[in-house]
């Protein structure tokens with residue numbers, strides 16, 4: 001098997017950074033047990049963008065309809081930010097990276113696919129996930145040790161990117177290991193990761209030919225029994241306590257809604273309130289550097305970020321941008337479900353897209369746009385289904 005001996009200027013260097021990225025949850029563990037080094041995770045994001053920038057300089061930078069939206073509304077956002085004197089280094093740098101990510105990372109995916117055969121892409125993924133999966137599993141066990149055994153990791157919840165491993169394992173036929181990973185996510189307390197981890201299994205069910213064949217029915221019920229058993233065990237052992245607030249959520253009670261969504265409902269309501277201050281903000285957003293206040297019982301925070309991507313995009317770029325962006329995403333989703341639901345690139349895209357309704361990865365995580373770009377340009381360069 002060929003090694004990933006890419007230079008920093010090669011688009012395939014993405015996979016090397018992706019493998020390095022697999023250890024960034026370790027920084028989260030160390031920060032929660034007293035070593036405040038979480039800021040080092042930003043180095044990985046810089047590496048992604050540095051690689052993408054060099055690739056785009058050495059190769060032609062092409063803008064597609066999605067990245068064009070970010071360029072156009074990015075300039076409008078900057079203009080509004082300057083007009084209202086909102087722009088400072090601290091509250092604008094993340095948004096600037098959020099504009100550059102889709103432009104550079106999708107272009108890197110384009111260059112990579114255009115110059116790499118599907119067989120070689122498969123080799124690259126095999127090589128990366130061979131190490132990515134055991135590293136992530138070890139980190140989960142470290143979290144369980146520090147949270148449940150020595151109780152130094154107080155916060156209940158541990159974020160990894162297992163959803164990508166889940167896609168790879170399922171499409172490599174390693175279902176048992178995939179289900180084991182599902183259990184690790186289940187008892188880690190991260191609801192958004194759990195949902196995205198299940199996505200490839202749902203699309204796989206719909207892609208099975210002769211689904212009512214006895215063998216396929218038996219496999220389906222075997223997997224279903226395992227998943228139900230895992231949920232039952234986790235519930236009895238108290239591992240689902242974070243999920244209880246979601247199950248018991250009362251939509252008419254703001255406190256219950258806030259607890260059930262980990263504060264995401266508060267962010268959405270505050271953003272709606274901010275946009276309603278001045279009608280043009282609804283259509284064009286509040287611009288680069290804009291913030292909104294979150295007032296608690298004993299604290300006040302100014303935030304320029306939402307954990308729900310559509311809310312964040314509406315706040316910064318306006319509802320026109322958000323509608324167009326998600327129209328393109330839904331278009332990719334529905335057409336892909338018809339033609340490519342058994343395609344690994346489509347499922348990478350799908351976990352990113354679905355995850356955007358529960359988290360802010362589209363704004364802060366460059367690799368999400370590489371995976372979106374993989375499927376976007378796969379449709380252009382390859383006609384056959386690749387799984």
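Quick notes
- Length added when fully stretched, residue 224-residue 333, from 0.36 nm per residue minus Cα-Cα: 36.7 nm
- For the pair residue 20 and residue 180, the difference between a 0.36 nm per residue extended length and the Cα-Cα distance amounts to 55.3 nm.
- For the chain, a Gaussian network of Cα nodes joined below 10 Å ranks 64, 32, 115 by mean-square fluctuation, and the top entry is 115.
- Once Cα extents along the principal axes in Å is calculated for the structure shown, the corresponding label among (1) 64, 48, 37; (2) 63, 52, 43; (3) 64, 46, 43 turns out to be (2).
- Euclidean distance between Cα centres, region 1-73 to region 74-129, Å: 9 Å
- Per-residue ellipticity at 222 nm, computed for the chain from helices alone with -39500 (n - 2.57) per DSSP H run of at least four residues, works out to -22000 deg cm²/dmol.
- Using the Cβ-Cβ distance between residue 84 and residue 269 with R0 set to 22 Å, the FRET efficiency works out to roughly 0.50.
- Highest-fluctuation residue, 111, 44, 138 considered, GNM on the chain with Cα pairs under 10 Å: 138
- GNM flexibility winner over the chain from 122, 90, 21 (Cα, springs under 10 Å): 90
- Reference-scaled alpha-carbon Rg (2.2 N^0.38 Å with N residues) for region 254-317: 1.09
Bear in mind that the values in this text are calculations on the coordinates, not laboratory data. Just so it is clear, the model here is predicted, and its values are computed rather than measured. Positions of Cβ are backbone-derived with ideal geometry, glycine not excepted, and every protein chain shown enters the neighbour counts.
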